[in-house]
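The values are calculated or read from the model by the stated rules, or taken from the named source; none is laboratory data. Being a predicted model, the structure only gives us computed values, none of them experimental. Every residue, glycine as well, gets a Cβ built from its backbone with ideal geometry; the counts of neighbours run over all protein chains shown. The protein model used for the area step is the full one, side chains on, heavy atoms only, and it has no ligands, DNA or RNA in it. Shrake-Rupley method; radii C 1.70, N 1.55, O 1.52, S 1.80 Å.
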Amino acid sequence: VLADLAGEVVATDEAGVTSESDRPRLIHEVDAMLEAVSIPLEDVRAACVAIPGVVDPATGSIKLIPGMPALRGDWLAAHMRNRLQCSVYIDNDIKIATEGVRSDLGHDAQSFVFVHWGERVGAGVVIDGRLYRGTSNDSGDFGFLPLMTCAQNDDPTDRPDRSGPDHFEEWVGTDELVRLMLRVARDERDEQLVADLTGSSGRATDAALDAIAAGNRAARGALDEIARRFALGLVTIRAVLDPEAILIGGPMARLGEALAVEIRSHLERETLNQPMVDVWPGTGDAILTGAIWRSLEGLFGSPERPGTMRMPTEVRL
(Lines give C-alpha, C1' and ligand atoms only; values in the text may rest on other atoms or scores of the structure.)
Protein backbone atom coordinates (compact mmCIF):
# COMPACT_ATOMS: atom_id res chain seq x y z
CA VAL A 1 0.00 0.00 0.00
CA LEU A 2 1.29 3.45 -0.92
CA ALA A 3 0.11 6.36 1.23
CA ASP A 4 0.87 10.05 1.26
CA LEU A 5 1.93 12.09 4.28
CA ALA A 6 -1.70 12.80 5.12
CA GLY A 7 -2.19 9.08 5.63
CA GLU A 8 -4.37 8.77 2.52
CA VAL A 9 -3.96 5.63 0.40
CA VAL A 10 -2.63 6.40 -3.08
CA ALA A 11 -2.22 2.91 -4.56
CA THR A 12 -2.44 -0.78 -3.65
CA ASP A 13 -1.13 -4.02 -5.12
CA GLU A 14 -0.91 -7.72 -4.20
CA ALA A 15 1.68 -10.45 -4.62
CA GLY A 16 1.64 -13.98 -3.27
CA VAL A 17 4.65 -15.54 -1.53
CA THR A 18 4.63 -19.31 -1.15
CA SER A 19 8.30 -20.23 -1.57
CA GLU A 20 11.75 -18.67 -1.45
CA SER A 21 11.70 -18.28 -5.23
CA ASP A 22 8.74 -15.89 -4.82
CA ARG A 23 10.55 -13.53 -2.45
CA PRO A 24 11.98 -11.18 -5.12
CA ARG A 25 8.40 -10.56 -6.29
CA LEU A 26 7.81 -8.43 -3.19
CA ILE A 27 10.54 -5.99 -4.18
CA HIS A 28 9.39 -6.07 -7.82
CA GLU A 29 5.81 -5.26 -6.79
CA VAL A 30 6.98 -2.24 -4.80
CA ASP A 31 8.83 -0.94 -7.86
CA ALA A 32 5.86 -1.64 -10.13
CA MET A 33 3.40 0.13 -7.83
CA LEU A 34 5.58 3.23 -7.59
CA GLU A 35 6.02 3.27 -11.37
CA ALA A 36 2.26 2.93 -11.93
CA VAL A 37 1.58 6.16 -10.06
CA SER A 38 4.75 7.94 -11.23
CA ILE A 39 6.31 8.25 -7.78
CA PRO A 40 10.15 8.23 -7.80
CA LEU A 41 11.78 5.73 -5.48
CA GLU A 42 13.73 8.51 -3.77
CA ASP A 43 10.46 10.15 -2.66
CA VAL A 44 9.62 7.22 -0.38
CA ARG A 45 10.31 8.39 3.17
CA ALA A 46 9.38 5.38 5.32
CA ALA A 47 8.07 1.84 5.07
CA CYS A 48 6.32 -0.47 7.51
CA VAL A 49 6.00 -4.23 7.01
CA ALA A 50 3.40 -6.19 8.98
CA ILE A 51 4.29 -9.87 9.41
CA PRO A 52 1.95 -12.66 10.65
CA GLY A 53 4.60 -14.08 12.95
CA VAL A 54 7.18 -13.35 15.65
CA VAL A 55 9.58 -10.54 14.77
CA ASP A 56 12.48 -8.80 16.46
CA PRO A 57 11.36 -5.18 15.88
CA ALA A 58 14.85 -3.85 16.60
CA THR A 59 16.38 -5.70 13.64
CA GLY A 60 13.40 -6.79 11.56
CA SER A 61 14.50 -10.41 11.75
CA ILE A 62 11.56 -12.79 11.41
CA LYS A 63 11.85 -15.59 13.97
CA LEU A 64 8.64 -17.53 13.37
CA ILE A 65 6.10 -17.24 10.57
CA PRO A 66 4.08 -20.47 10.19
CA GLY A 67 1.91 -19.23 7.32
CA MET A 68 4.78 -17.85 5.21
CA PRO A 69 7.95 -19.77 6.14
CA ALA A 70 9.74 -18.50 3.03
CA LEU A 71 10.10 -15.10 4.73
CA ARG A 72 11.78 -16.35 7.89
CA GLY A 73 15.11 -14.72 8.75
CA ASP A 74 16.72 -11.41 7.74
CA TRP A 75 16.11 -11.48 3.98
CA LEU A 76 13.08 -9.21 3.86
CA ALA A 77 14.52 -6.52 6.14
CA ALA A 78 17.83 -6.42 4.28
CA HIS A 79 16.34 -6.27 0.80
CA MET A 80 13.62 -3.75 1.66
CA ARG A 81 16.14 -1.41 3.25
CA ASN A 82 18.60 -1.83 0.42
CA ARG A 83 15.99 -1.14 -2.25
CA LEU A 84 14.04 1.67 -0.60
CA GLN A 85 16.97 3.48 1.03
CA CYS A 86 14.72 4.71 3.83
CA SER A 87 13.66 3.64 7.30
CA VAL A 88 11.93 0.23 7.21
CA TYR A 89 10.08 -0.98 10.29
CA ILE A 90 9.07 -4.66 10.48
CA ASP A 91 6.84 -5.98 13.25
CA ASN A 92 4.08 -8.47 14.00
CA ASP A 93 0.90 -7.56 12.14
CA ILE A 94 -1.37 -7.64 15.19
CA LYS A 95 1.06 -5.51 17.19
CA ILE A 96 0.96 -2.98 14.37
CA ALA A 97 -2.83 -3.19 14.19
CA THR A 98 -3.11 -2.63 17.94
CA GLU A 99 -0.99 0.50 17.68
CA GLY A 100 -3.38 1.74 15.01
CA VAL A 101 -6.41 0.99 17.16
CA ARG A 102 -4.80 2.77 20.13
CA SER A 103 -4.16 5.86 18.02
CA ASP A 104 -7.76 5.72 16.75
CA LEU A 105 -9.26 5.45 20.24
CA GLY A 106 -7.14 8.24 21.69
CA HIS A 107 -5.73 8.76 25.16
CA ASP A 108 -8.80 7.42 26.97
CA ALA A 109 -7.92 3.84 25.99
CA GLN A 110 -5.55 2.89 28.81
CA SER A 111 -6.18 -0.84 29.14
CA PHE A 112 -7.60 -2.96 26.35
CA VAL A 113 -6.96 -6.04 24.23
CA PHE A 114 -7.41 -5.94 20.47
CA VAL A 115 -8.18 -9.37 18.99
CA HIS A 116 -7.78 -10.02 15.27
CA TRP A 117 -10.24 -12.79 14.44
CA GLY A 118 -10.03 -14.41 11.04
CA GLU A 119 -8.51 -17.60 9.72
CA ARG A 120 -5.93 -17.09 12.46
CA VAL A 121 -6.38 -15.49 15.87
CA GLY A 122 -4.00 -13.17 17.69
CA ALA A 123 -4.18 -10.26 20.08
CA GLY A 124 -2.40 -7.06 21.01
CA VAL A 125 -2.33 -5.96 24.65
CA VAL A 126 -2.32 -2.33 25.81
CA ILE A 127 -1.57 -1.70 29.49
CA ASP A 128 -1.45 1.82 30.98
CA GLY A 129 -1.66 3.28 27.48
CA ARG A 130 1.35 1.34 26.14
CA LEU A 131 1.59 -1.71 23.92
CA TYR A 132 2.82 -4.65 25.97
CA ARG A 133 5.15 -6.92 23.98
CA GLY A 134 6.42 -9.46 26.50
CA THR A 135 9.94 -10.86 26.59
CA SER A 136 9.86 -12.33 23.07
CA ASN A 137 7.53 -9.80 21.39
CA ASP A 138 4.81 -12.44 21.11
CA SER A 139 2.50 -11.55 24.00
CA GLY A 140 -1.12 -11.95 22.96
CA ASP A 141 -0.59 -14.98 20.71
CA PHE A 142 -3.38 -16.83 22.47
CA GLY A 143 -4.35 -18.50 19.22
CA PHE A 144 -1.62 -21.03 20.05
CA LEU A 145 -3.18 -22.00 23.37
CA PRO A 146 -4.06 -25.74 23.50
CA LEU A 147 -7.60 -25.12 24.72
CA MET A 148 -8.94 -28.61 24.02
CA THR A 149 -11.96 -27.99 26.24
CA CYS A 150 -13.33 -25.56 23.68
CA ALA A 151 -14.30 -28.60 21.59
CA GLN A 152 -16.33 -30.26 24.32
CA ASN A 153 -19.58 -30.01 22.33
CA ASP A 154 -17.99 -30.98 19.03
CA ASP A 155 -18.49 -34.36 17.40
CA PRO A 156 -15.07 -36.10 17.67
CA THR A 157 -15.81 -38.16 14.55
CA ASP A 158 -16.29 -35.04 12.43
CA ARG A 159 -13.13 -33.04 13.09
CA PRO A 160 -10.80 -31.83 10.35
CA ASP A 161 -7.43 -33.53 10.03
CA ARG A 162 -4.88 -31.82 12.24
CA SER A 163 -1.23 -32.75 12.05
CA GLY A 164 -0.12 -30.45 14.87
CA PRO A 165 -1.44 -29.44 18.30
CA ASP A 166 -5.09 -28.50 18.67
CA HIS A 167 -4.49 -24.79 18.91
CA PHE A 168 -7.29 -22.47 19.94
CA GLU A 169 -7.35 -20.72 16.57
CA GLU A 170 -8.02 -24.05 14.85
CA TRP A 171 -11.31 -24.30 16.78
CA VAL A 172 -12.48 -20.71 16.32
CA GLY A 173 -10.97 -19.50 13.02
CA THR A 174 -13.05 -18.73 9.95
CA ASP A 175 -12.13 -22.09 8.37
CA GLU A 176 -13.71 -23.83 11.35
CA LEU A 177 -16.77 -21.56 11.15
CA VAL A 178 -17.27 -22.63 7.54
CA ARG A 179 -16.82 -26.31 8.50
CA LEU A 180 -19.38 -26.07 11.28
CA MET A 181 -21.82 -24.24 9.05
CA LEU A 182 -21.49 -26.80 6.30
CA ARG A 183 -22.22 -29.61 8.76
CA VAL A 184 -25.35 -27.91 10.09
CA ALA A 185 -26.50 -26.92 6.59
CA ARG A 186 -26.21 -30.51 5.39
CA ASP A 187 -28.04 -31.82 8.46
CA GLU A 188 -30.87 -29.37 7.78
CA ARG A 189 -30.76 -30.03 4.00
CA ASP A 190 -30.13 -26.36 3.28
CA GLU A 191 -28.87 -26.96 -0.26
CA GLN A 192 -28.55 -23.27 -1.10
CA LEU A 193 -26.25 -22.59 1.84
CA VAL A 194 -24.18 -25.69 1.04
CA ALA A 195 -23.81 -24.45 -2.53
CA ASP A 196 -22.82 -20.96 -1.35
CA LEU A 197 -20.18 -22.34 0.99
CA THR A 198 -18.66 -24.77 -1.51
CA GLY A 199 -19.32 -23.18 -4.88
CA SER A 200 -16.65 -20.47 -5.05
CA SER A 201 -13.04 -21.15 -4.14
CA GLY A 202 -11.67 -18.58 -1.72
CA ARG A 203 -15.07 -17.05 -0.92
CA ALA A 204 -16.34 -19.51 1.68
CA THR A 205 -15.70 -17.10 4.56
CA ASP A 206 -17.58 -14.28 2.82
CA ALA A 207 -20.47 -16.63 2.09
CA ALA A 208 -20.58 -17.75 5.73
CA LEU A 209 -20.58 -14.20 7.06
CA ASP A 210 -23.24 -13.16 4.53
CA ALA A 211 -25.44 -16.06 5.62
CA ILE A 212 -25.12 -15.05 9.28
CA ALA A 213 -25.96 -11.44 8.48
CA ALA A 214 -29.01 -12.61 6.51
CA GLY A 215 -30.28 -14.55 9.53
CA ASN A 216 -29.97 -18.05 8.03
CA ARG A 217 -30.82 -20.56 10.77
CA ALA A 218 -27.95 -22.95 10.09
CA ALA A 219 -25.54 -20.05 9.89
CA ARG A 220 -26.75 -18.62 13.19
CA GLY A 221 -26.33 -22.02 14.84
CA ALA A 222 -22.71 -22.20 13.68
CA LEU A 223 -22.13 -18.66 14.95
CA ASP A 224 -23.47 -19.58 18.39
CA GLU A 225 -21.06 -22.51 18.66
CA ILE A 226 -18.02 -20.59 17.43
CA ALA A 227 -18.88 -17.73 19.80
CA ARG A 228 -19.09 -20.17 22.71
CA ARG A 229 -15.62 -21.44 21.94
CA PHE A 230 -14.23 -17.96 21.43
CA ALA A 231 -15.62 -16.84 24.78
CA LEU A 232 -13.43 -19.47 26.46
CA GLY A 233 -10.36 -17.76 25.05
CA LEU A 234 -11.58 -14.37 26.25
CA VAL A 235 -12.11 -15.81 29.73
CA THR A 236 -8.41 -16.72 29.76
CA ILE A 237 -7.45 -13.18 28.74
CA ARG A 238 -9.72 -11.69 31.39
CA ALA A 239 -8.40 -13.91 34.18
CA VAL A 240 -4.80 -12.85 33.52
CA LEU A 241 -5.14 -9.21 32.44
CA ASP A 242 -8.59 -7.95 33.53
CA PRO A 243 -8.65 -5.28 30.78
CA GLU A 244 -11.21 -2.52 30.49
CA ALA A 245 -12.28 -3.71 27.07
CA ILE A 246 -11.74 -6.41 24.47
CA LEU A 247 -12.14 -5.16 20.91
CA ILE A 248 -12.56 -7.55 18.00
CA GLY A 249 -11.21 -6.80 14.54
CA GLY A 250 -10.45 -8.79 11.42
CA PRO A 251 -12.89 -10.55 9.06
CA MET A 252 -15.27 -11.61 11.85
CA ALA A 253 -15.77 -7.98 12.84
CA ARG A 254 -17.94 -7.62 9.74
CA LEU A 255 -20.76 -9.09 11.83
CA GLY A 256 -20.70 -6.05 14.09
CA GLU A 257 -22.96 -5.93 17.13
CA ALA A 258 -24.49 -9.34 16.33
CA LEU A 259 -21.11 -10.94 17.01
CA ALA A 260 -20.58 -9.01 20.24
CA VAL A 261 -24.04 -9.99 21.50
CA GLU A 262 -23.34 -13.70 20.92
CA ILE A 263 -20.04 -13.56 22.80
CA ARG A 264 -21.47 -11.55 25.70
CA SER A 265 -24.25 -14.10 26.13
CA HIS A 266 -21.65 -16.82 26.75
CA LEU A 267 -19.61 -14.63 29.09
CA GLU A 268 -22.59 -13.83 31.31
CA ARG A 269 -22.36 -17.18 33.08
CA GLU A 270 -18.72 -16.63 34.12
CA THR A 271 -17.90 -16.06 37.80
CA LEU A 272 -15.60 -13.07 37.35
CA ASN A 273 -16.99 -9.82 36.03
CA GLN A 274 -16.13 -9.54 32.34
CA PRO A 275 -14.72 -6.60 30.38
CA MET A 276 -16.67 -4.74 27.74
CA VAL A 277 -16.63 -6.78 24.54
CA ASP A 278 -17.23 -5.03 21.25
CA VAL A 279 -16.09 -4.92 17.65
CA TRP A 280 -13.49 -2.33 16.76
CA PRO A 281 -15.39 0.90 16.08
CA GLY A 282 -12.88 2.05 13.48
CA THR A 283 -13.28 1.62 9.73
CA GLY A 284 -11.11 -0.24 7.27
CA ASP A 285 -8.18 -2.55 7.89
CA ALA A 286 -6.67 -2.16 11.36
CA ILE A 287 -3.32 -3.55 10.20
CA LEU A 288 -3.17 -1.01 7.37
CA THR A 289 -4.18 1.81 9.70
CA GLY A 290 -1.48 0.80 12.16
CA ALA A 291 1.19 0.49 9.47
CA ILE A 292 0.50 3.99 8.17
CA TRP A 293 0.35 5.38 11.70
CA ARG A 294 3.64 3.68 12.64
CA SER A 295 5.41 5.12 9.58
CA LEU A 296 4.11 8.62 10.31
CA GLU A 297 5.18 8.27 13.94
CA GLY A 298 8.67 7.31 12.81
CA LEU A 299 8.87 10.44 10.69
CA PHE A 300 7.13 13.04 12.84
CA GLY A 301 6.79 11.69 16.38
CA SER A 302 3.27 10.84 17.57
CA PRO A 303 0.93 11.92 14.75
CA GLU A 304 -2.80 12.25 14.75
CA ARG A 305 -4.90 9.44 13.45
CA PRO A 306 -4.07 8.59 9.79
CA GLY A 307 -6.36 10.48 7.47
CA THR A 308 -6.65 13.52 9.77
CA MET A 309 -3.18 14.99 9.25
CA ARG A 310 -2.70 18.03 7.05
CA MET A 311 0.76 17.82 5.56
CA PRO A 312 2.20 18.38 2.09
CA THR A 313 1.56 15.39 -0.19
CA GLU A 314 4.31 15.94 -2.75
CA VAL A 315 6.52 13.49 -0.84
CA ARG A 316 5.06 10.01 -0.59
CA LEU A 317 5.27 7.55 2.29
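For every residue, the table says whether it meets (1) in contact with a helix residue (DSSP H, G or I) (Cβ under 9 Å, 6 or more places away or on another chain); (2) among the basic types (Lys, Arg); (3) more than 25 Å from Phe114 (Cα to Cα); (4) surrounded by fewer than 16 Cβ atoms within 10 Å (Cβ to Cβ).
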position	(1), (2), (3), (4)
Asp166	yes, no, no, yes
Val172	yes, no, no, no
Glu176	yes, no, no, no
Arg183	yes, yes, yes, no
Leu197	yes, no, yes, no
Ala208	yes, no, no, no
Ala211	yes, no, yes, no
Arg228	yes, yes, no, no
Arg238	yes, yes, no, no
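Among the residues making up segment 244-273, those that are crowded, with 20+ Cβ neighbours inside 10 Å and not in a helix (DSSP H, G or I) are Ile246, Leu247, Ile248, Gly249, Gly250.
Every residue in segment 25-40 that is free of Cβ contacts under 8 Å to residues at least 40 places away in the same chain, within 22 Å of Gly73 (Cα to Cα) and surrounded by 13 or more Cβ atoms within 10 Å (Cβ to Cβ), please. Correct list: Arg25, Glu29. Inspection of segment 232-246 finds a residue satisfying the criterion of being among the small types (Gly, Ala, Ser) and touching an Asp or Glu at 6+ places or on another chain (Cβ under 8 Å). Just a yes or no: is a residue in segment 94-108 in a strand (DSSP E or B) and crowded, with 22+ Cβ neighbours inside 10 Å? Looking for residues that are in a strand (DSSP E or B) and crowded, with 22+ Cβ neighbours inside 10 Å, one finds none in segment 94-108, hence no.
Scanning segment 112-136 for residues that are in a loop (DSSP other than H, G, I, E, B), open to solvent by 10 Å² or more (accessible area, probe 1.4 Å) and either at negative phi or in contact with a helix residue (DSSP H, G or I) (Cβ under 9 Å, 6 or more places away or on another chain) (or both) yields Glu119, Arg120, Gly129, Arg133, Thr135, Ser136.
Here Val55 fulfils each of the conditions (1) open to solvent by 20 Å² or more (accessible area, probe 1.4 Å); (2) among the β-branched types (Val, Ile, Thr); (3) within 21 Å of the chain's Cα centre (by Cα); (4) more than 21 Å from Val9 (Cβ to Cβ) apart from (1).
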